[in-house]
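I have placed the structure first, in the form of structure tokens, so that the comments after it can refer back to it.
Each value in this text was obtained by applying a stated rule to the coordinates, not by laboratory testing. These numbers come from a predicted model, not from an experiment. With ideal geometry, Cβ positions are generated from the backbone for all residues, glycine too; neighbour counts draw on all protein chains shown.
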Amino acid sequence: MTDLTDQSAQSTVHLESAGTALVLEPRPGGSGLPEVVHWGPALEGGASTYAALPALTVAPVGHSALDVPWPLTVLPGEADGWSGTPGWAGHRAGSAGAVRWTDVTSEVADGAVVTRASSADGIRLELRHALDEHGVLRVDASVTNTGADAAPLDVSALRAILPLPVRADEVLDLTGRWCRERSPQRSRLDHGTHLRASRRGRTGHDATLLMMAGTAGFGWRDGEVWAVHTAWSGNHEHLVEALPEGAGRHHAVIGGGELLAPGEVRLAPGESYAAPTVVFVHSTEGLDGLSRRLHRSLRARAGHPSRPRPVVLNTWEAVYFETDLEHLKALADTASRIGVERFVLDDGWFGGRRHDRAGLGDWVVSTDVWPQGMGPLVDHVKGLGLEFGLWFEPEMVNEDSDLVREHPEWVLRPAAGSPREWRWQQLLDLTVDAAREQLLERISGLVDDIGIDYIKWDHNRDLLEAVHTVDGPTGHLVDAPAVHAHTLAFYRLLDDLRARHPQLEIESCSSGGARVDLAVLDRTDRIWTSDCNDALERANIQRWTSLLVPAELMGTHIGPATAHTTHRTLDLGFRMLMALQGHPGLEWDITECSDEELEALTGWTALARELRPLLHTGDLVRSESPDGTVLVTGTVDADRSRAAYTVARLVTGRDAATGALPLPGLDPNRSYAVRVRPEAGLPAVVQNTPPGWWGPALAEDGVVVPGSVLTTVGLPVPIMGPAQGYLLDVRAV
């Protein structure tokens, strides 16, 4: 009898954490890159089981194919027998297209496998696969041109790619547009390449955030899912790919990386290119399992916001460009009265910026708007005990600006002329040191002079023809692609600003949610989820953004009754309810509110402060009615002693009554006091009698329900009208 589990001579290396495992098999004698044997659920038996996997899972080889089984390596290419999208692509003036990696070494240290290799073509490769304590795998890759006398090395792609098993037969990703970010789309995992490539120069409203593959019908809490995210704020790609012959011992692959334009990264001898980090996550508990791993991993970062997230008032939809001092002071007075903690002045405060066709780039306080400077407003705001924030759009310029008139060479554009305008603006070339330094000095000076606590950093256009004119190798001017260099310069600007002002907080806004990725979140304190403050649209925008982004990093505001972007009118209760799902705030002229509205908002801000220790640290759980018209979004603390659930009806359902919906994530062996919190708004209903639990749950002590009932049977949902909902406060007793 042959015992294939007795593989003591095997040299597999593995990482295992939080129920996830990565298993690699180095090639004998360093003759090639390690093969990826397994990525997914951890297996019983540990090291001995992983050592046995290579022999146990050798794939058969059919006719008219390679003669022996071929590997899927950590950087698959043609030399491995891989005919799919390659991990590495590059050339030297058309040569060095085929690369064979030699002198390969792999070592395990500090929760990571580090692989180093070189090629006869003068390329050195380093790969790092690191699995953190939450089961999140981060892959970093770099290449160096080691050919001292060789031609420059043009890098075309350096992707991170991992395998998928045959049971992963469905793909889920996200698309979107301005004011409708994060719309899910599903498809079968068929033969071919499911590629999402972004050439927008920023992450994009249609960015998938996570590309996911999983078992058929995987949902919020069920099914097995594999996912990838490219942590990069410029051009990028995500892919799932299946070939008829498979992927070595696997069925398909999933991966991502930076999308490079031809000639964008050209390495002289000794120069290196470091690819963006690509993040991989596996879950056996559906999409909620993915989010739990990612959120916990983000919250473990050294720079993660640690103090309570202040309730915000942003002035944009309150005053737009009408920056009248007395009106703003009255707005701050009202904000302070209802419990707001941070006041953010939006666009229109600088240079000639009285509308959106002029002034961008002139970051000086306008003497027309502020004849006494901005001090009177800032002193008033801070005298009320509020933090002060200010809006900037540092990377953009209007042609009608002093900056462009003085430095037209600082605009990022081809020699033939400017790109098509978008919101009447162009891009400042941050790769020009003088331009970036001037920005840094202007912003930093205002932070010091005014006393800015918070910056809303906006970025309101896609990048088209993002090139700068440089001297070419023949002495002629050429238009060189610049998205890669501009993205790095943007990061450098943020890093330098944060180094000067460690306490300064920054929000990443990009026409709403068009720059949402883990690289920008490493340098900022939250993202603006969407320019759409329509709470009904926000229900799904926030739901799908939260796959990647935890609540405390996701800006969620109450807008006016009639939404600026959709012209839909919604009840205050529903607007308050949906704004509790992230970092809450208001964007509304509350000086025009009635006494009843101000009283409701005062109760809402108090509730936001009470619940934020839970909502901004707990695990997110989600479910919905069978027809998808009622959404349940919950946050459960680590020991499952406290939870809060939003139950929201979006539109009318197919049935007269929704029925009972379970509350996921609780301990079935405990009992809980369930209370409806009216401070988050009460729903308008279309019913003769409420569910039996509703009346007792409105009392301060709530109604006590066994956890097994809550998690398995659930509570009947009141018959609510569209755009109505309620908040449940659940505590163990």
Original post:
Whole number please: convex hull volume per residue of the Cα set in the range 214-284, in Å³?
Top reply: 154 Å³
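Starting from the Kirkwood radius over alpha-carbon pairs of the range 514-655, derive D by Stokes-Einstein at 10 °C in a medium of 1.306 mPa s and give it in µm² s⁻¹. Spell out each step's value before the answer.
On the way: Rh = 15.9 Å.
Using the Kirkwood radius from Cα pairs, D works out to 100 µm²/s.
Compute and list, largest first, the equivalent-ellipsoid semi-axes of the range 201-344 from the alpha carbon gyration tensor, each √(5λ) rounded to a whole angstrom.
41, 24, 15
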Subject >> Any cysteine of the chain lacking a neighbouring Cys Cβ under 4.7 Å - listed by number >> reply: Cys509, Cys593
Subject >> Label point distance in nm, Ala561-Ala109, each placed 7 Å from Cα along Cα→Cβ >> reply: 6.5 nm
Original post:
Which whole-Hz ³J(HN,Hα) couplings does the range 402-417 yield from phi under the Karplus relation 6.51 cos²θ - 1.76 cosθ + 1.60, θ = phi - 60°, glycine and proline marked x?
Top reply: 4, 4, 5, 5, 7, 9, x, 6, 7, 7, 7, 6, x, 5, 6, x
Subject >> Sequence-distant residues sharing a close amide H with Gly40 (under 5 Å, placed H) >> reply: Ala21
Subject >> Nonlocal amide H pairs with His251, under 5 Å, H built at 1.01 Å >> reply: Leu164, Val166
Subject >> Restricting the range 119-223 to trypsin sites (Lys or Arg not before Pro) in coil, as DSSP defines it, with at most 14 other Cβ within 10 Å >> reply: Arg167, Arg177
Subject >> Helical contribution to [θ] at 222 nm, DSSP H n ≥ 4, -39,500 (n - 2.57), averaged over the chain, rounded to 500 >> reply: -5500 deg cm²/dmol
Subject >> Difference of contour (0.36 nm per residue) and Cα-Cα distance, Val685 to Val713 >> reply: 7.9 nm
Subject >> Net charge of Cβ neighbours under 9 Å - reference Arg612; Lys, Arg +1; Asp, Glu -1 >> reply: 0
**OP:** Please list the equivalent ellipsoid semi-axes of the range 399-550, computed as the square roots of five times the alpha-carbon gyration tensor eigenvalues, in descending order and whole angstrom.
**Re:** 29, 20, 15
Subject >> Model label zone, Val470; criterion: amide N under 14 Å from point 7 Å along Cα-to-beta-carbon; scope the range 413-437 >> reply: 413, 430-433
**OP:** Give me the Debye-computed log₁₀ of I(q)/I(0) at q = 0.13, 0.18, 0.20 Å⁻¹ for the range 101-252, equal point scatterers on Cα only, no solvent, two decimals.
**Re:** -0.77, -1.25, -1.35
**OP:** Any chance you could list the semi-axes, whole Å, largest first, of the equivalent ellipsoid that the Cα gyration tensor gives for the range 3-127, using √(5λ)?
**Re:** 27, 19, 13
Subject >> Amide H contacts under 5 Å for Leu267, placed H, 5+ residues apart >> reply: Leu153, Asp154, Val155
Original post:
Applying the Karplus parametrisation 6.51 cos²θ - 1.76 cosθ + 1.60 with θ = phi - 60° to the phi angles of the range 58-71, what ³J(HN,Hα) value in whole Hz is obtained for each residue in order, glycine and proline being reported as x?
Top reply: 4, 7, x, 10, x, 6, 6, 8, 4, 6, 10, x, 10, x
Original post:
Dividing the Cα convex hull volume of the range 121-202 by residue count, how many Å³ per residue is that?
Top reply: 188 Å³
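For the range 579-646, how big is Rg over Rh, using alpha carbon atoms and the Kirkwood form of Rh? Provide the component values of the computation, followed by the final result.
Numbers: Rg = 14.8 Å, Rh = 13.8 Å.
Here the Rg-to-Rh quotient is 1.07.
One quarter of the convex hull surface, Cα atoms only: what value does that give for the range 652-733 in nm²?
Details: hull surface 21.6 nm².
Answer in nm², one decimal: 5.4.
Determine the dipole magnitude for the range 451-605: charges of +1 sit on the beta-carbon of Lys and Arg, -1 on that of Asp and Glu, nothing else is charged, the reference point is the Cα centre, and the result goes in debye to the nearest 20. Present the calculation step by step, with values, prior to reporting the outcome.
Details: 12 positive and 25 negative charges, 104 e Å.
Computed charge dipole of the range 451-605: roughly 500 debye.
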Subject >> Cα Rg, Dmax, the range 576-733, angstrom units >> reply: 15.4, 49
Original post:
Do you know the relative contact order of the chain, to the nearest whole percent, from alpha carbon pairs under 8 angstrom that are 6+ apart?
Top reply: 10 percent
**OP:** In nm, give the distance between the simple-model label positions of Val704 and Ala93, each being 7 Å from the Cα along the Cα-to-Cβ direction.
**Re:** 8.4 nm
Original post:
Which Rg and Dmax, in Å, describe the Cα atoms of the range 24-87?
Top reply: 12.9, 37
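Kindly state, as a whole number, the per residue volume in cubic angstrom of the convex hull around the alpha carbon atoms of the chain.
Details: hull volume 126.6 nm³, N = 733.
Hull volume normalised by residue count: 173 Å³.
Within the set of other residues whose C-beta is less than 12 Å from the C-beta of His238, count the net charge using Lys and Arg as +1 and Asp and Glu as -1.
On the way: positive: Arg159, Arg196; negative: Asp173, Asp206, Glu237, Glu241, Glu258, Asp517.
Around His238, the surrounding residues sum to -4.
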Subject >> Shape parameters for the range 348-429, alpha-carbon atoms, Rg then Dmax in Å >> reply: 15.3, 53
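For the range 422-500, report the translational diffusion coefficient in µm²/s to the nearest whole number, using Stokes-Einstein at 4 °C, 1.567 mPa s, and a Kirkwood Rh over Cα pairs. If you can, show how the numbers build up before the last one.
Values: Rh = 14.4 Å.
Rounded to a whole number, D works out at 90 µm²/s.
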Original post:
HN-Hα J couplings of the range 227-244 from phi, Karplus 6.51/-1.76/1.60, θ = phi - 60°, integer Hz, Gly and Pro as x?
Top reply: 9, 9, 9, 8, 7, 7, 9, x, 5, 7, 8, 10, 8, 10, 9, 10, 9, x
**OP:** Would you compute, for the Cα atoms of the range 357-481, the largest minus smallest coordinate along each principal axis and list the three values in descending order, in whole Å?
**Re:** 62, 25, 24
Original post:
Taking a temperature of 4 °C and a viscosity of 1.567 mPa s, what whole-number D in µm²/s does Stokes-Einstein yield for the range 256-412 with Rh from Kirkwood over alpha carbon pairs?
Top reply: 65 µm²/s
Original post:
Which value in nm describes the separation of the simple spin-label points at Arg307 and Lys329, placed 7 Å from the Cα toward the beta carbon?
Top reply: 2.7 nm
**OP:** Report the percentage of all Cα-Cα pairs in the range 162-254 whose separation exceeds 20 Å, rounded to a whole percent.
**Re:** 36 percent
Original post:
So what's the projected area for the range 167-221, the Cα convex hull averaged over all directions, in nm²?
Top reply: 4.4 nm²
